[in-house]
Each structure stands twice: as C-alpha cells, then as structure tokens.
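K.L.:
Before we start, here is the structure in question, set down as structure tokens.
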Amino acid sequence: MDPFSFKGRASRRDFWTIWIAMALLQALVVVLGGIVLSALREPVVGPEQRTLAAAIFSVAILIAFGWPLAAVGVRRSHDRNMSGGWFLIYVAFSVATSIWDASISLRGVPEDAPEVVGLGIAGVLQLILSVVFLVTFGFLKGTPGPNRYGNPPGVRSGYHSTLGRDDLDRP
C-alpha cells in the first residue's frame, strides 16, 4: 500500500486506514500549529503577518494531508471500476467551497447577504456529496477480480478466482 500513488486499486481497509491515520495526524498538527500561531502575538508579529502565517500553515496542511487522501480516494475509485476523476470532482468542490467560505469570512460579508445564502446551499450540496462519497468508497465492495485498473489489492498477476476482492483482504 503506497499512500502517495494514484495508480492501481485500494481496498476498503486501505481507505479507512489512511483516512483515520491522516485525520488523527492532522488533528495533532493543527493543535500544535494553533499553539505556535497563538504564541505569535504583538509585538513579535503584527496581525497581517499572523494572518499570512496562518494561511501558509493551512496550505501546507492541505498539501501534506490532501495528497495521500486524494491518492487513496482515486485508488478506491479504481477498485470500484470508476475513474478517479469522480473522486477528484468531489475534492475540487470541497476545496472551492472552503475557499469561498474563507473569502466571505476575510471580507466580512454580512450574514444575510445573498452570497452567504449561496454558500449555505453549496454546503448542503457538499454534505450530500460527502454522504455519497462515504458510502461509495468507504462501505461498498470493490469489483471482484481484475478490472481496467488492475488486479484487486494484494493480488499479483494471474488472478483467476471467483472469490470477491474483500475475501482476500481478510487475514
């Protein structure tokens, strides 16, 4: 299991292992980063520099943790015999919604503005997509046997069994 590769297939076990590990690591890094950023008070740094540091920290977190999450999501799509593009559409929509939300916050847009209502609708759509994503990639079995993305995870070439892919995952 290569957490950084977009090629091949990933089992449900691989998917959940990487997502849970990344969530725990990200929580730890965010807490530690919050402690460091809260220590950066005036007169050491001004509010603009602190905001810039927080933005750089957020982008670094997104890249560091987003890559393995996107990779396993694409490979899980492959295990379901779907293009990884479907998972990346979900990621792009989530990132765009987050950027829109941050933009509204930074600009101080009033809560009753139409833009905020639009963001609320986008948030509901993101919730629906998240549930579909969770069920499709986290709970549904992969296609049994080889598919256009390769052999089931953990199986080398020459696989010709009637067993389902998840039957081979279990020790």
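K.L.:
Suppose accessible area is computed on protein heavy atoms with a 1.4 Å probe; arrange Ser58, Ser94, Ser38 from highest to lowest.
P.N.:
Ser58, Ser38, Ser94
K.L.:
Using the alpha-carbon atoms, what tilt in degrees (0 to 90, nearest 10) does helix 12-39 show relative to the longest principal axis of the chain?
P.N.:
20
K.L.:
May I pose another question? With point charges of +1 on the Cβ of Lys and Arg and -1 on the Cβ of Asp and Glu, referenced to the Cα centre of the chain, which listed residue (Gly154, Leu127, Met82) lies farthest in the positive direction of the dipole?
P.N.:
Gly154
K.L.:
Can you tell me which of Phe65, Phe15, Phe87 moves the most in a GNM of the chain? Springs connect C-alpha atoms under 10 Å apart.
P.N.:
In the Gaussian network model the winner is Phe65.
K.L.:
Can you give the local net charge around Leu88? Use residues other than it whose beta-carbon is closer than 15 angstrom to its beta-carbon, Lys and Arg +1, Asp and Glu -1.
P.N.:
Counting the neighbours of Leu88, the net charge comes to +4.
K.L.:
Moving on. Counting only protein heavy atoms and using a 1.4 Å probe, what share of the accessible area of the chain belongs to carbon plus sulfur, as a whole percent?
P.N.:
Solvent-exposed carbon and sulfur of the chain make up 71 percent of the total.
K.L.:
Taking a probe of 1.4 Å, how large is the accessible area per residue of segment 6-62, in Å²?
P.N.:
Solvent-accessible surface per residue comes out at 68 Å².
K.L.:
Still on this structure, I have one more. Where is the GNM fluctuation largest for the chain (alpha-carbon springs, 10 angstrom cutoff): Gly120, Gly66, Gly138?
P.N.:
Its mean-square fluctuation being the largest, the pick is Gly120.
K.L.:
Something else now. Pulled fully out, how much extra length does the chain show between Leu52 and Ile35, if you take 0.36 nm times their separation in residues and subtract their Cα-Cα distance?
P.N.:
Stretched out fully, the Leu52 to Ile35 stretch lengthens by 4.5 nm.
K.L.:
Here is a further query. Run the dipole for segment 1-154 about the Cα centre, Lys and Arg Cβ at +1, Asp and Glu Cβ at -1, nothing else charged, and hand back the magnitude in debye, nearest 20.
P.N.:
840
K.L.:
Once both axes come from the Cα atoms, what is the angle between helix 47-79 and the longest principal axis of the chain, in degrees from 0 to 90, rounded to 10?
P.N.:
Helix 47-79 and the main axis of the chain meet at about 10 degrees.
K.L.:
What order, most packed first, do the peptides 75-81, 26-32 have when packing is the mean number of other Cβ atoms within 10 Å of each residue?
P.N.:
Packing proxy ranking, top to bottom: 75-81, 26-32.
The values are calculated or read from the model by the stated rules, or taken from the named source; none is laboratory data. Given the structure is predicted, the values throughout are model-derived calculations rather than measurements. Cβ atoms come from the backbone with ideal geometry, glycine included; neighbour counts cover every protein chain shown. Protein only, heavy atoms only, side chains kept; ligands, DNA and RNA dropped before computing areas. Shrake-Rupley method; radii C 1.70, N 1.55, O 1.52, S 1.80 Å.
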